[in-house]
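The values are calculated or read from the model by the stated rules, or taken from the named source; none is laboratory data. This structure is a prediction, so every number in the text was calculated from the model and none was measured. We work out accessible area using only protein heavy atoms, side chains counted, and drop any ligands, DNA or RNA first. Shrake-Rupley method; radii C 1.70, N 1.55, O 1.52, S 1.80 Å.
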Amino acid sequence: MPKGVELRYDGVMNEVGLRERTRLAVRADISKTAMDMFLAQGFDATTVDEIAERVGVSRRSLFRYFTSKEEMAAADIAVRGNEMLAALKERPTDESPWDSLYAAAFSSDGRGPMSSKDRTLQVAQLLRQTPALQRFRLEKQKRWQDLLAPEIALRIHGDGRDIAARGIVATALSCLDASVDIWVESGGEGDVLDVFRTMIAAVRG
């Protein structure tokens with residue numbers, strides 16, 4: 001292949017990659033801003049026009065990234081799963097799958113779904129109090145399983161490790177959701193980490 005063609009090809013690929021990264025960054029900014037507004041003033045009380053104004057784009061531009069407020073909220077929840085995966089990838093592969101999941105969920109470096117307890121409590125309350133967002137609680141479980149199971153499988157040896165990994169991840173995420181439910185019902189009293197530890201200990205026997 002002529003050198004000029006090769007350079008042009010690389011340039012096009014880099015440009016496409018940059019555009020995609022920019023698009024994802026804008027989506028993340030919009031979804032976080034929208035969630036912040038939902039938490040501050042309520043989901044139903046927050047309008048698309050208000051979100052667009054806060055982000056600094058037109059309503060039409062906003063709809064190039066999201067089709068609805070529900071989708072914005074779902075995207076913010078999805079980011080938490082990606083952050084947990086990033087934290088999980090940094091754990092040693094010879095660590096227990098359970099310990100890795102616990103460390104990733106409660107990462108203290110600002111990542112993971114439980115890294116900011118106040119925000120976690122507020123988001124959990126919002127999801128439970130807003131009928132339009134109920135289905136995202138169920139969808140989150142499946143999406144996070146798909147994200148985390150392959151990484152957990154690296155920590156399991158022998159036949160059937162992919163199946164075992166999905167079982168471990170599904171159980172850990174169910175315990176995490178149940179822990180947050182208990183925490184929300186108590187109004188944020190107590191330590192959700194202790195509740196999660198107790199559940200995991202019971203499951204592991």
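The figures follow:
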read-out: Gaussian network model of the chain, springs between alpha carbon atoms under 10 Å - residue of Ala124, Ala25, Ala75 with greatest fluctuation; value: Ala25
read-out: Which listed pairs, of Lys69/Lys117; Lys32/Lys140; Lys32/Lys142; Lys117/Lys142, have C-alpha distances above 20 Å, in listed order; value: Lys69/Lys117; Lys32/Lys142; Lys117/Lys142
read-out: Alpha carbon centroid spacing (whole Å) that separates the range 25-98 from the range 162-205; value: 24
read-out: GNM top mover of Asp146, Asp159, Asp177 - the chain, alpha-carbon springs below 10 Å; value: Asp159
read-out: If the convex hull is drawn through the Cα atoms of the chain, its volume per residue in Å³; value: 165
read-out: Solvent-accessible heavy-atom area per residue, rounded to whole Å², over the chain at 1.4 Å; value: 56
read-out: Over the chain: helical MRE at 222 nm, DSSP H runs n ≥ 4 each giving -39500 (n - 2.57), nearest 500; value: -25000 deg cm²/dmol
read-out: Nearest-10 value in Å² for the accessible area of Thr22, using the 1.4 Å probe; value: 70
read-out: Percent carbon-and-sulfur accessible area, the chain, ignoring ligands, DNA and RNA, probe 1.4 Å; value: 53
